[in-house]
1. Under the 0.36 nm per residue contour assumption, what length would be gained going from the current alpha-carbon distance of SER25 and MET7 to full extension?
2. Can you bin every Cα-Cα distance in the range 1-50 into 5 Å intervals starting at zero and give me the percent of pairs per bin, rounded to whole numbers?
Amino acid sequence: AHISKIMVSTGDRIDQDQVIAQIGSTGRSTGPHLHLEMFKDGRRFNPRKRLYTARKAKEN
């Protein structure tokens, strides 16, 4: 959503600091930004929870 170029595909494993998209301003957005959605088993979930868990695991 609102990106100019997708750089990963569904099912790809991504690494920290990996570029996954180039931001854009499509549709009715008011400026360039990235709308991040994550799904598991066909259900959307809050990416903050997953990203926070991954960060904590890496620190330990």
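1. 4.8 nm
2. 5, 17, 23, 27, 20, 8, 1
The numbers here are math on the coordinates, done by the rules we state, and not lab data. Predicted model only: the values in this text are computed from it and were never measured.
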